[in-house]
Amino acid sequence: MPALAFAPPPASPAAETLRAEVRAFVAAELAHRNSVDRAQSWSGFDPAFSRKVAQQGWIGMTFPRQYGGHGRNALERYVVLEEMLAAGAPVSAHWIADRQSGPSILRFGTEQQKQDFLPRIARGECFFCIGMSEPDSGSDLASVRTRAVPVPGGFRVNGTKVWTSHAHEVHTMILFCRTSGAPEDRHGGTSQFLVDLKSPGITVRPIYALTGQHHFNEVVFQDCFLPENSVLGKLDDGWNQVTSELANERSGPERFLSSFTLLVELLRALGPDPSERAAIAVGRMVAHLIALRRLSRSVAGMLQAGANPALQAALVKDLGALVEQEIPEIARQLIATDPPTPETERFAAVLHYTMMHAPSFSLRGGTREILRGIIARGLGLR
Ligand SMILES: Cc1cc2nc3c(=O)[nH]c(=O)nc-3n(C[C@H](O)[C@H](O)[C@H](O)COP(=O)(O)OP(=O)(O)OC[C@H]3O[C@@H](n4cnc5c(N)ncnc54)[C@H](O)[C@@H]3O)c2cc1C
């Protein structure tokens with residue numbers, strides 16, 4: 001098979017039945033959510049909404065039933081994700097746990113960790129954040145300096161994590177840090193830990209985004225004690241574990257639907273009789289989204305089949321970020337917001353929000369240059 005094959009996923013009639021249920025749910029639950037709030041897409045944080053989603057059985061859908069999951073397949077889960085994002089639902093409280101922390105615990109965790117965390121994740125009661133990046137370590141994750149040193153009964157952690165989304169409002173972090181290893185062994189000697197963010201020795205400080213919003217944080221560990229049973233998976237094998245999360249992290253519909261609310265508002269503002277130029281521009285954006293959706297669903301099918309489509313996921317994320325960033329650039333050229341009308345005022349507010357967020361689309365989850373390096377390597381070009 002060629003390195004970059006994207007086979008269509010198997011048909012899933014159950015997923016299409018589910019789609020109607022999810023649409024009805026979000027229409028009722030989000031009837032009064034305004035467009036700017038919808039534009040937050042998967043950054044919108046609302047624990048009460050997450051619990052309602054959990055009550056529908058739509059968090060931890062693919063976890064086994066014995067751990068509180070619902071035994072659904074990846075394509076059924078995909079339908080829930082895309083309908084939530086298309087509607088601008090505030091999903092970020094449970095997003096990371098559902099997308100990657102839960103699956104990592106399922107794959108690498110002890111029986112005790114599975115029983116402890118997975119049912120709570122599926123009930124929408126336990127939210128996670130990702131503790132990877134550091135002040136001097138982003139793209140080059142292997143250079144992390146936060147260190148966990150063995151002490152009686154566990155480990156003592158010192159170091160600083162940065163850009164940690166929602167660390168101030170979630171319960172648990174999966175911390176990636178150094179546990180041993182010589183400096184020349186960059187990938188060895190790293191490990192992952194399940195960290196209760198209420199543990200003594202952890203300080204969470206806000207970092208404000210361009211929009212003025214508080215989404216991410218600096219998280220400082222000062223002599224923070226972690227018990228032995230908080231190690232996730234194998235000690236010193238953190239690099240292999242963390243890289244296996246990346247296909248989950250990079251391939252979903254959140255990697256191309258971040259500007260979707262703006263596209264909806266653009267269509268409203270253009271009205272039923274757009275100019276030919278506007279119709280062509282909209283058609284092009286929609287065609288790109290449809291192509292991305294096919295690629296992304298294909299990756300969901302590969303994940304379902306137990307493959308590790310990290311290369312395909314990098315491609316989805318890179319192409320997706322291009323389209324997400326292109327939508328506000330094109331949209332702003334198509335609508336005159338002066339003099340304002342009710343439609344153009346709403347469009348302008350969503351445009352403003354999306355423009356302020358767009359630079360982050362090609363940074364979070366892996367920058368453009370890094371993804372292209374992975375794709376080039378996967379294709380044997382470097
Ligand atoms: C909205 C948002 C949310 C985030 N949430 C989290 C989170 O929850 N948890 C977490 O751990 N991290 C999070 N991050 C951090 C994110 O993963 C990093 O920003 C990203 O990995 C890049 O690291 P950096 O910012 O240190 O940039 P750097 O790695 O310093 O890169 C700066 C620039 O140099 C380029 N560059 C770097 N190395 C190379 C190279 N070898 N070849 C060519 N070009 C290169 C990069 O592409 C980039 O353009 C978040 C970031 C954003 C924007």
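The values are calculated or read from the model by the stated rules, or taken from the named source; none is laboratory data. The structure displayed is predicted, hence computed values, not measured ones. In this analysis, Cβ positions are derived from the backbone assuming ideal geometry, glycine residues included, and neighbour counts consider all displayed protein chains.
Give me the residue from the stretch 226-239 that is touching a Phe, Trp or Tyr at 6+ places or on another chain (Cβ under 8 Å) and part of a helix (DSSP H, G or I) and, out of that set, surrounded by the fewest Cβ atoms within 10 Å (Cβ to Cβ).
Once the filter is applied, the top-ranked residue is GLU228.
Among the listed residues ALA278, ALA247, which satisfies the condition of being small (Gly, Ala, Ser), touching a residue at least 60 places away in the same chain (Cβ under 8 Å), buried (at least 19 other Cβ atoms within 10 Å of the Cβ) and not in a loop (DSSP other than H, G, I, E, B)?
ALA247
Select from the stretch 1-39 the residues that are closer than 12 Å to VAL79 by Cβ, modelled with pLDDT of 95 or more and outside any helix (DSSP H, G or I) and list them in ascending order.
Within the stretch 1-39, no residue meets the criteria.
Here is a yes/no grid of residues against (1) within 13 Å of the ligand (Cβ to nearest atom); (2) out of contact with any Ser or Thr (no Cβ under 9 Å at 6 or more places or on another chain); (3) in contact (Cβ under 8 Å) with a residue 60 or more places away in the chain; (4) among the polar types (S, T, N, Q):
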| site | (1), (2), (3), (4) |
| --- | --- |
| VAL151 | no, yes, yes, no |
| LYS161 | yes, no, yes, no |
| PRO200 | no, yes, no, no |
| ARG205 | no, yes, no, no |
| GLY212 | no, yes, no, no |
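For a quick check of your reading: which helices (runs of 4 or more DSSP H) sit entirely within the stretch 289-382 and have at least 2 residues that are under 30 Å from ARG72 (Cβ atoms) and not small (Gly, Ala, Ser)?
Those helices (runs of 4 or more DSSP H) span 310-334, 368-378.
Report yes if ALA247 is more than 30 Å from GLN115 (Cα to Cα) and away from the ligand (no atom under 15 Å from the Cβ), otherwise no.
No; evaluated as a whole, the condition is false for this residue.
When SER143 is evaluated against the numbered criteria (1) among the hydroxyl-bearing types (Ser, Thr, Tyr); (2) near the ligand (Cβ under 8 Å from one of its atoms); (3) surrounded by fewer than 21 Cβ atoms within 10 Å (Cβ to Cβ), which criterion, by number, is the only one it fails?
Going through (1) among the hydroxyl-bearing types (Ser, Thr, Tyr); (2) near the ligand (Cβ under 8 Å from one of its atoms); (3) surrounded by fewer than 21 Cβ atoms within 10 Å (Cβ to Cβ) one by one, SER143 breaks only (2).
When you go through (1) farther than 18 Å from ARG99 by Cα; (2) crowded, with 18+ Cβ neighbours inside 10 Å; (3) of a type in the set (Val, Ile, Thr) one by one for VAL151, which number turns out not to apply?
That leaves (2) as the condition not met.
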